[in-house]
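Visitor: The structure follows.
The values are calculated or read from the model by the stated rules, or taken from the named source; none is laboratory data. This structure is a prediction, so every number in the text was calculated from the model and none was measured. So basically every Cβ, Gly included, is an ideal-geometry build from the backbone, and we count neighbours across all protein chains shown.
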Amino acid sequence: MFLSIFDVFKIGVGPSSSHTVGPMVAAGRFLDLLREGREVVPGAKTLARLGCTLHGSLAFTGKGHATDRAVTLGFAGFDPADFDPVKATQMEAEIAASGTVSPKGLGALRYRQSDDLHFDYETPLAGHANGMVLSAYDNTGNLYARETYYSTGGGFVLTAAELAGAEITAEQPGAPYPFGSAGEMLAMARENDKTIAEMKRENELHHMSADALSSGLAKVWQVMDASIERGLASSGTLPGGLKLKRRAKAIHQALQAEHGTNMAAPHTINDWISVYAIAVNEENAAGGQIVTAPTNGAAGVLPATLRYYLDHVPTARREMIEPFLLTAAAIGGLIKANASISGAEVGCQGEVGSASAMAAAGLCAVLGGSPAQVENAAEIALEHHLGMTCDPVKGLVQAPCIERNGLGAIKAVAAASLALRGDGSHLVSLDNCVETMRQTGRDMSHKYKETSLGGLAVNVPEC
């Protein structure tokens, strides 16, 4: 499996790509399996009921990440890419009242969330920390079909069999520039006198049209930018029980009032960068539409960095949005293929750290950086997130996640700027840094990998 730019940037729904988007996708895939009649237990009678068991991190923080809701709506036929929150709320009420779901082509099936969805805190599955088993039963109560799915971060979903045989490649074999590492990417850029964005574009055009690529990228930025605007305009309290108040609107209003006056200190630019990221992640926490970049929990870093470029860099040009996104996706693909972007697998270094590296690379590229400088920017940003744990308080993608996106964006801008001050040569390569992140994640205690069993998650007394 290779990583297209639209695998890295998926339009989805909050609050978590691995705990919300992935399980909803898995439920949809299971319905497809049932429609096709595959994996049906011999001797099974009429399909009558659906069930789900969540394991590992999906169990520990599933309620806080709305995994139970995602599975239920997935069984009802909802898809993250075109999720309608109003219809979803109506459907939840109907399912609760009737105890059934009616997915297209399968008729009415018994499914009551309180009875048919289970959280298994004792039995982690071998393949990945985010495991789930979906089951169907016949009208006599016997097993009709069963499949194990793993939500591996960023909305990616693999069955147990797919995971066992999965070989993820950053670029498609047979594409013009099939680089699998940053070293290969830089060598190809030198040999062909190409930018990273130009190579990534030609690789994408190997399997899609130019119109599809451009329209898809335009849609990605439209959704990203819209999530910033909604976040800047919204107030109130975020759902989930922490009673965390939205802050983006008030901060933005204060920044606007200071703009053009002698009240604003030079470092206030950090507040502008942060508020864009906070706006996105407050939208994500509220279950709004966002873009995985490369995950929901890190969805604010890249849009904030790109918005900073467009609104605050005097030389900015809108036609540079595509090169920014293409460059960022190339870096994200390398990290996903060679390490992980999953908080449940490697901690927050794989989420906000990866997002910061992607954003730094994109910004460095559109500011005129060479491929070597772009690689350096990505490495600087990722290096200074190494070891960051994933410890969401109460299992919610709120504290410390929202502020971490703001700081991740600030680090991205700083990393790009620092890289542009050099000639691209540096001691630690991006490949070395990615491998270090992989090893660090492997050695990290499971308490610090999205289970909410350690770190801030257990040291906030009122929670």
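Visitor: Report the residue count in segment 80-101 for those that are over 17 Å from CYS52 (Cβ atoms) and not in a helix (DSSP H, G or I).
Guide: 2
Residues are listed down the side, and each one gets a yes or a no for (1) among the small types (Gly, Ala, Ser); (2) at pLDDT below 95; (3) under 26 Å from the mean Cα position of the chain (by Cα):
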{"position": "PRO103", "(1), (2), (3)": "no, no, no"}
{"position": "LEU106", "(1), (2), (3)": "no, no, no"}
{"position": "PRO124", "(1), (2), (3)": "no, yes, yes"}
{"position": "MET132", "(1), (2), (3)": "no, no, yes"}
{"position": "TYR137", "(1), (2), (3)": "no, no, no"}
{"position": "LEU163", "(1), (2), (3)": "no, yes, yes"}
{"position": "PRO173", "(1), (2), (3)": "no, yes, yes"}
{"position": "SER181", "(1), (2), (3)": "yes, no, yes"}
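Visitor: Restricting to segment 391-437, and then to whatever is on the phi > 0 side of the Ramachandran plot and in a helix (DSSP H, G or I), can you tell me which residue is surrounded by the fewest Cβ atoms within 10 Å (Cβ to Cβ)?
Guide: Checked segment 391-437; the qualifying residue surrounded by the fewest Cβ atoms within 10 Å (Cβ to Cβ) is LYS394.
Visitor: So which residues in segment 256-298 are touching a Cys at 6+ places or on another chain (Cβ under 9 Å) and in a helix (DSSP H, G or I)?
Guide: Within segment 256-298, ASN281, ASN284, ALA285 qualify.
Visitor: Please verify whether ARG246 is among the basic types (Lys, Arg), in contact with a strand residue (DSSP E or B) (Cβ under 9 Å, 6 or more places away or on another chain) and buried (at least 19 other Cβ atoms within 10 Å of the Cβ), treating the condition exactly as stated.
Guide: Taking the combined requirement at face value, the residue satisfies it.
Visitor: How many residues does segment 187-242 contain that are within 24 Å of the chain's Cα centre (by Cα) and charged (D, E, K, R)?
Guide: Residues that pass the stated criteria total 7.
Visitor: Is there a residue in segment 263-281 that is over 23 Å from LYS63 (Cα atoms), surrounded by fewer than 14 Cβ atoms within 10 Å (Cβ to Cβ) and within 25 Å of the chain's Cα centre (by Cα)?
Guide: no
Visitor: So which residues in segment 116-161 are of a type in the set (Asp, Glu) and touching a Gly at 6+ places or on another chain (Cβ under 6 Å), if there are any at all?
Guide: Listed by number, the list holds a single entry, ASP116.
Visitor: Moving on to the next point. Here is a list: VAL101, VAL133. Which entry is closer than 23 Å to GLY22 by Cβ and in contact with a helix residue (DSSP H, G or I) (Cβ under 8 Å, 6 or more places away or on another chain)?
Guide: It is VAL101.
Visitor: Within segment 28-46, which residues are surrounded by 11 or more Cβ atoms within 10 Å (Cβ to Cβ), more than 32 Å from the chain's Cα centre (by Cα) and part of a loop (DSSP other than H, G, I, E, B)?
Guide: VAL41, ALA44, LYS45
Visitor: Within the group GLY77, GLY127, GLY155, which residue is at positive phi and touching a strand residue (DSSP E or B) at 6+ places or on another chain (Cβ under 7 Å)?
Guide: Among GLY77, GLY127, GLY155, only GLY155 is at positive phi and touching a strand residue (DSSP E or B) at 6+ places or on another chain (Cβ under 7 Å).
Visitor: Another question, if that's okay. Of everything in segment 119-151, what is under 11 Å from LEU58 (Cα atoms), among the hydroxyl-bearing types (Ser, Thr, Tyr) and not in a loop (DSSP other than H, G, I, E, B)? Give them in sequence order.
Guide: TYR150, SER151
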